[in-house]
1. Restricting to the stretch 98-143, give me the number of residues that are assigned to a loop (DSSP other than H, G, I, E, B) and more than 25 Å from residue 53 (Cα to Cα).
2. What are the residues in the stretch 73-83 that are free of Cβ contacts under 8 Å to residues at least 12 places away in the same chain, surrounded by fewer than 10 Cβ atoms within 10 Å (Cβ to Cβ) and in contact with a helix residue (DSSP H, G or I) (Cβ under 9 Å, 6 or more places away or on another chain), if any?
């Protein structure tokens, strides 16, 4: 199957990205650089997100098959806040500091990448920190647009 015009396949995106950027792959920014770089960043974002969410979906849907001792203490949590871009950056930076301090690249478990240094019963556990504007959030009761409308089209097809 051929990629759509204006898109970049994942392999090409990876080559373009690696050529143009030497940063840690978890910190790329799809909005910087020329059009090819932007498209490569978007493709890598999609590959990364698909992999992370697929792993999370499989594991969280099968908690009864988790190794003994993990059954009750792990899982997920979400929270939706109404914040400005500045507040969102501040909150994300604060959470990232905690994330990096406890489980980032230099965390206390980093040596366990070496299988010989892992204690018995140690298994991989993935922690994911995501922060993003919710693009399809319905307005809250009382929300009013600048034209006085609620922004909700009650006749609109919810499936698009």
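1. First pass over the stretch 98-143, keeping only residues assigned to a loop (DSSP other than H, G, I, E, B): 104-109, 114, 118-143.
Pick out the ones that are also more than 25 Å from residue 53 (Cα to Cα) and you get 108, 114, 118-120, 139-143.
Residues that pass the stated criteria total 10.
2. 81
Residue-wise test of (1) in contact (Cβ under 8 Å) with a residue 12 or more places away in the chain; (2) surrounded by 13 or more Cβ atoms within 10 Å (Cβ to Cβ); (3) touching a helix residue (DSSP H, G or I) at 6+ places or on another chain (Cβ under 6 Å).
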residue	(1), (2), (3)
37	yes, yes, yes
58	no, no, no
63	yes, no, no
71	no, no, no
89	no, no, no
92	yes, yes, no
100	no, yes, no
111	no, no, yes
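Throughout, read-outs are computed from the coordinates displayed, never taken from laboratory work. All values reported here derive from a predicted model rather than from experimental measurement. Backbone-built Cβ (ideal geometry, glycine too); neighbour counts: all protein chains shown.
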